[in-house]
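The values are calculated or read from the model by the stated rules, or taken from the named source; none is laboratory data. These figures come from a predicted structure and were not determined experimentally. Using ideal geometry, Cβ is built from the backbone for each residue, glycine included, and neighbour counts are taken over all protein chains shown. What goes into the accessible areas is simple: the full protein's heavy atoms, side chains included, and nothing from ligands, DNA or RNA. Shrake-Rupley method; radii C 1.70, N 1.55, O 1.52, S 1.80 Å.
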Amino acid sequence: MDSAVAAGPPPGPARPGFWRSPLRGPWLTAVFGLILLFGVTILFVTGLLSYAAYNPDLAAVNDQTPGKGWLGFYLFSWPTSPTWLYRVTQGVHVVLGVVLVPVLLAKLWSVIPKLFEWPPVRSPAHAVERLSLLLLVGGAGFEFATGILNVQLHYIFPGSFYTLHFYGAWVFIGAFVVHVAFRLPRALRAVGPRLGEPAPGTEQAAGLVSPDPQAPTISRRGALGMVGLGSFALLVVTAGQSVGGWFRQTALLAPHGQDPGSGPNGFQINKTAASVGIRASDIGPAWRLTVRGGGRQVDLTYAQLAAMTQSESALPIACVEGWSTPDQHWSGVRLTDLAALVGLGTRTPRVLVQSVQRGGSFSSVVLGDQQARDHRSLLALRVNGAVLSHDHGYPARVIVPGAPGVHNTKWVTRLTFGEPA
Ligand SMILES: Nc1nc2c(c(=O)[nH]1)N[C@H]1C(S)=C(S)[C@@H](COP(=O)(O)O)O[C@H]1N2
Ligand SMILES: [Mo]
């Protein structure tokens, strides 16, 4: 090893003179790092919230990450108010994730010379540090890549996206915390005392500054501005799908398109009836709603359901993919009124909701007591004054306040109150 060190790094990226950008230095790296510290913290918290919102502890049909063990220590029952709760937490998660991509790439670019550090391993402590960097960089790449593929390509990892993104998040955040603990003091020194000027004496120490820089073609502030502009451009072309309504037209990167159609049913459709194999016979005159609970069962035709008291709720749909709709005006039968049919009205318990759809991870879901009991929770028959379209869940769909879109099961045929016990 000693002779290898004495001989110096091999030709190529391990030589200090190989990297010649005059922009690299502790200040630029620290600014990107501090932005990521703030952004990643928000991503992590909103990501954990999203997992909690799925009611994973209620039932196997809800939990897509079995075996979470004590990683689920923080779970709580997701509130139904404010009605826009998940719309905001998940909109922030997805939009921020997209907007931070240029910052992440710029941060990685700014520290590339360190990737080729020579010798690769100096001591056991150095080996541990480099391994943690592998988890940090690999974890960041993995989380951003799986997240973006999911929102853009609409579940290319059937069923396993949650598992990958969830466990990936814990690995990444572990490495992130270690990294921040070691580097935060240095980063703060590099941006102080005055933002915009590298603090004297810190440049060489960090090993980021080229010993043989090329002439600059842009200033560091200019480079920062370019990255900011990139992030801003991404914000402008993605945020519209989280805001929904008119703003959807601005969401040029929205995977489901900018125009969800017009009329009362003219809002985003997650999966069309055809795409999940709903047959005309499933939702034709033979369709029944079965309500079970407390040892009783009631079967209702569409006409009987429509003859019950119809209640109204203005509620959004907010998908895990980050898109959402503004409030739609739903009308239908309250879940508490349906529970009352089997004698459970006053203390409506959790409910297993099942659709006519065969298979597919969203064909059934368990709603918590707080969701089933909320007077705004409906089995909706109509939206914005019209009968539900086939694609929005005709003859009947669930709509609950504050929850992820996945809780709003379409083409419902069975409600089992108190299940699983
Ligand atoms: N049966 C069934 N219900 C479902 C789904 C599904 O695939 N099948 N998708 C869910 C998801 S993930 C969302 S975001 C909402 C979207 O409702 P929309 O298509 O009416 O906008 O429906 C939910 N209900
Ligand atoms: Mo969704």
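Yes/no per residue for (1) open to solvent by 60 Å² or more (accessible area, probe 1.4 Å); (2) in contact with a His (Cβ under 7 Å, 6 or more places away or on another chain); (3) in a loop (DSSP other than H, G, I, E, B):
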position	(1), (2), (3)
Trp70	yes, no, no
Val121	yes, no, yes
Ala125	yes, no, no
Leu136	no, yes, no
Thr146	no, yes, no
Is it true that Gln328 is within 10 Å of ligand 1 (Cβ to nearest atom), farther than 25 Å from Gly295 by Cα and at pLDDT 95 or above? yes
Restricting attention to region 379-400, which residues are part of a strand (DSSP E or B), buried (at least 19 other Cβ atoms within 10 Å of the Cβ) and more than 28 Å from the chain's Cα centre (by Cα)? Leu381, Arg382
Here's a check for you: in region 254-273, which residue that is among the aliphatic types (A, V, I, L, M) and modelled with pLDDT under 95 is least open to solvent (accessible area, probe 1.4 Å)? Ala254
Could we say that Pro404 is modelled with pLDDT of 95 or more, within 16 Å of ligand 2 (Cβ to nearest atom) and crowded, with 20+ Cβ neighbours inside 10 Å here? yes
Kindly evaluate Pro349 against the criterion of being surrounded by fewer than 20 Cβ atoms within 10 Å (Cβ to Cβ) and either more than 13 Å from ligand 1 (Cβ to nearest atom) or hydrophobic (A, V, I, L, M, F, W, C) (or both). yes
Suppose we keep only residues that are of a type in the set (Val, Ile, Thr) and modelled with pLDDT of 95 or more within region 300-322. Which one would you say is nearest to Gly332 (Cα to Cα)? Thr309
Consider region 340-368. How many of its residues are assigned to a helix (DSSP H, G or I) and either within 16 Å of ligand 2 (Cβ to nearest atom) or without any contact (Cβ under 8 Å) to a residue 24 or more places away in the chain (or both)? 1
Val276 versus (1) more than 20 Å from Leu415 (Cβ to Cβ); (2) among the aliphatic types (A, V, I, L, M); (3) within 16 Å of ligand 2 (Cβ to nearest atom): which is the lone unmet condition? (1)
Failed item, numbered, when Arg292 is tested on (1) over 16 Å from Arg414 (Cβ atoms); (2) away from ligand 2 (no atom under 16 Å from the Cβ): (1)
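Scan region 401-421 for residues that are part of a loop (DSSP other than H, G, I, E, B), within 9 Å of ligand 1 (Cβ to nearest atom) and within 24 Å of the chain's Cα centre (by Cα) and jot them down.
Pro404, Asn408, Thr409, Lys410
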Exactly one of Pro113, Pro102 is at pLDDT below 95 and either under 10 Å from the mean Cα position of the chain (by Cα) or not basic (Lys, Arg) (or both), and that one is Pro113
Out of the residues in region 229-247 that are touching a residue at least 40 places away in the same chain (Cβ under 8 Å) and touching a helix residue (DSSP H, G or I) at 6+ places or on another chain (Cβ under 7 Å), state the one that is farthest from ligand 1 (Cβ to nearest atom). Gly230
Counting only residues that are open to solvent by 50 Å² or more (accessible area, probe 1.4 Å) and assigned to a loop (DSSP other than H, G, I, E, B), how many does region 80-115 have? 2
Which one of the conditions (1) open to solvent by less than 10 Å² (accessible area, probe 1.4 Å); (2) more than 12 Å from ligand 1 (Cβ to nearest atom) does Arg376 fail to meet, given that it meets all the rest? (1)
Is region 246-253 home to any residue that is open to solvent by 60 Å² or more (accessible area, probe 1.4 Å), closer than 17 Å to Gly91 by Cβ and touching a Leu at 6+ places or on another chain (Cβ under 9 Å)? yes
